[in-house]
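Here, each number is a calculation from the coordinates, and none is a lab measurement. Only a predicted model underlies this, so the values are computations on that prediction, with no experimental measurement involved. Glycine gets a Cβ as well: all are built from the backbone with ideal geometry, and neighbour counts include every protein chain shown.
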Amino acid sequence: MTTARSVAVDSLEAVLSVSDLRMRYGTKDVLQGVTFKAERGEVLALLGPNGAGKTTTIEILEGFRMRSGGEVSVLGTDPAQGKEAWRAKLGVVLQSWRDHGKWRVRELLNQLGRYYAPYSTEQVRRPWDTDELIAAVGLTEHANHKVATLSGGQRRRLDVAIGIVGRPELLFLDEPTVGFDPHARREFHDLVHRLSDMDDTTILLTTHDLDEAEKLADRILILAGGRIIADGSADALAQKMSTEAEIKWTRDGERFVHSTLDATKYVRELFAEYGDEIGDLEVRRATLEETYMEMVRRFETGQADSAVRAFEEVTK
Amino acid sequence: MNPTWTPYRAGLSRGWSEFKHAITTPSEVIGTLFPSAIAIIVMIFLRDVIVDGASVSLASMTLPSLLGMNIAFSGLMGVVGQLSIEREDGTLLRNKAIPGGMTGYLIGIVISVSTMSVIALLLVLAPGMFLFEGVQFNGITGVLTFIWVIALGLFATMPIGAVFGSVFGSPRQIGLIMLPITGLIAISGIFYPITALPEWVQWIGQVFPIYWLGLGMRSALLPSEMAMVEIGESWRHLETVGVLGLWAILGLIVAPIVLRRMARRESGSAVAARREKAMQSPMR
């Protein structure tokens, strides 16, 4: 499958390399052979319905969870064996709740940044200057406020600031905008864009929201049924899916609907047979969103296997 | 900069910040002062009670014992409380995500718990020395004894606290160890001389640090003739060092193993699950 050349390139370029990753809890296989790669500077969205194994995957990559099988390399290291110097190159954005409530924003970032000082290099100064960082996430006005007094959106920006205080090469974000109002979500998206532009940071985020994945990611990996069932940019995925189309028309005042893989051929035949009798012709390709939503719906109603198969059929 | 020492230095500053937060948070200050205030008030009523063979009042005997108990209690429960709360709220996980963060986190706990313990102790000792006759340092050796007993006491109790704090899944389970500790206090000669108890109970009391911390504090703060009412008619410093030292060694061997096991299991979803549970719990 992989050629010798691509292997050589991978070892230089791949920030993340996951191959046949498996995770089993008791008798339940949550991940059954997840495979993907990420290159430097890429923003990847791991998209999938709730319970698809996104969090499990990201926690294995963060080194917070032991895997049952498969090969994983994060910045050239197996996360299960990652040492402190490896950890210094990672950023993990965690969901805060009540932790560090008595700390002030600047004080907390100062404290957490200290640990990165030994890992500073000529190219990358570590940690991030606290006031610059606070400005970058838009918390300057709240720099001296206690964490407990921040609003949900402000807290989330602090979470991001904590995740990037060590200027990570690779940043993990698990369901970053859960519980956000549209405004906070938009601000957060801007922040992620700025991050990926600024330092060539590779970002892996999980989401169950296709819209968010489309907005943020260079590449979308759809995780369902314990496997990656689609991998590509939003455009590429949408194009792959354009094979299925719905054709509507009327003839003798009667309405017809037909789904087919080759719309052009079908329409040509339709006209060859009925000619002028055909009216109100409409050819509509299913959007990525519709197909994805259908897959999620089936997944959530317990038809996981058929949902995944149907989706794969379409995106093949 | 050297990556080996950075987490230790960061931990020191973490502990210092936590200490500052504690003394500027009214609820924590009251929580620290309240038991001490109660203890002093109770002892004022005991000022005229004299135990057979003693040259000072029961209040004067109880005060140093109480200080010893406070060390054991705040050393143990301080760590248990902080660990279990911060495991639930995600503080620990945040530090785990940082290079050397767990080391710094633990140093921070040690600093903040020990400074708060010592401050709480001094807040009882200062008024106690004025209020109760016979309570004073026995010269420079008394001061030195006072210091080593506190230090050894914290070493003996904080690692055990770390073990319990790691074992308990949530702060709401802390109550489980309060009962046995209260029982231990009752047989550790804190509020009444241990010699008044049956001998087999005395033996149980002498296994645990609370008795020895009380004894050590009495030896530092009471007139030397008061040793006559103790077991063996002596302050038994050697035995004090032995028992407290054994607890310290035991704790320092077991705590890192348990802490590492506990920390390895921490992850975002573990914290999220606990948060979920805590929010559903009617006890919040």
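Structure data summary
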{"read-out": "Alpha-carbon centroid distance for the pair segment B:127-205 / segment B:87-113, whole angstrom", "value": "26"}
{"read-out": "A:Asp199-B:Val49 pseudo-label distance in nm [points 7 Å out on the Cα-to-Cβ vector]", "value": "6.3"}
{"read-out": "Cα gyration tensor shape of segment A:126-261, rounded if a/c is under 1.5, else prolate or oblate by comparing a/b with b/c", "value": "prolate"}
{"read-out": "Contour excess over end-to-end distance, with Cα ends at A:Glu244 and A:Asp78 and 0.36 nm allotted per residue", "value": "55.7 nm"}
{"read-out": "A:Ser68 paired with B:Ile23, simple spin-label distance in nm, labels 7 Å along Cα-to-beta-carbon", "value": "5.4"}
{"read-out": "Point-to-point label distance, A:Arg98-A:Asp129, nm (Cα→Cβ direction, 7 Å offset)", "value": "3.7"}
{"read-out": "Förster radius 22 Å - calculated FRET efficiency between A:Leu281 and A:Asp211 (Cβ-Cβ, nearest 0.05)", "value": "0.15"}
{"read-out": "Paramagnetic reach from B:Trp5 in segment A:104-122 [backbone N under 19 Å; point 7 Å along Cα→Cβ]", "value": "A:114-120"}
{"read-out": "Theoretical ellipticity at 222 nm over chain A - DSSP helices of four or more residues, -39500 (n - 2.57) apiece, nearest 500", "value": "-11500 deg cm²/dmol"}
{"read-out": "C-alpha center-to-center spacing [segment B:231-270, segment B:42-59] in angstrom", "value": "34"}
{"read-out": "Computed [θ] at 222 nm, deg cm²/dmol, chain B (DSSP H ≥ 4; -39,500 (n - 2.57); rounded to nearest 500)", "value": "-25000 deg cm²/dmol"}
{"read-out": "Listed pairs B:Lys20/B:Lys96; A:Lys54/B:Lys96; A:Lys54/A:Lys89; A:Lys37/A:Lys265; A:Lys89/A:Lys146; A:Lys37/B:Lys277 exceeding 32 Å between Cα atoms", "value": "A:Lys37/A:Lys265; A:Lys37/B:Lys277"}
{"read-out": "Nearest-ten-degree value, helix B:26-45 long axis tilted from longest Cα axis of chain B", "value": "20"}
{"read-out": "Separation of alpha-carbon centers, segment A:37-59 and segment A:187-238, rounded to whole Å", "value": "8"}
{"read-out": "Helix axis angle, B:175-186 relative to chain B longest principal axis, alpha carbon, degrees", "value": "20"}
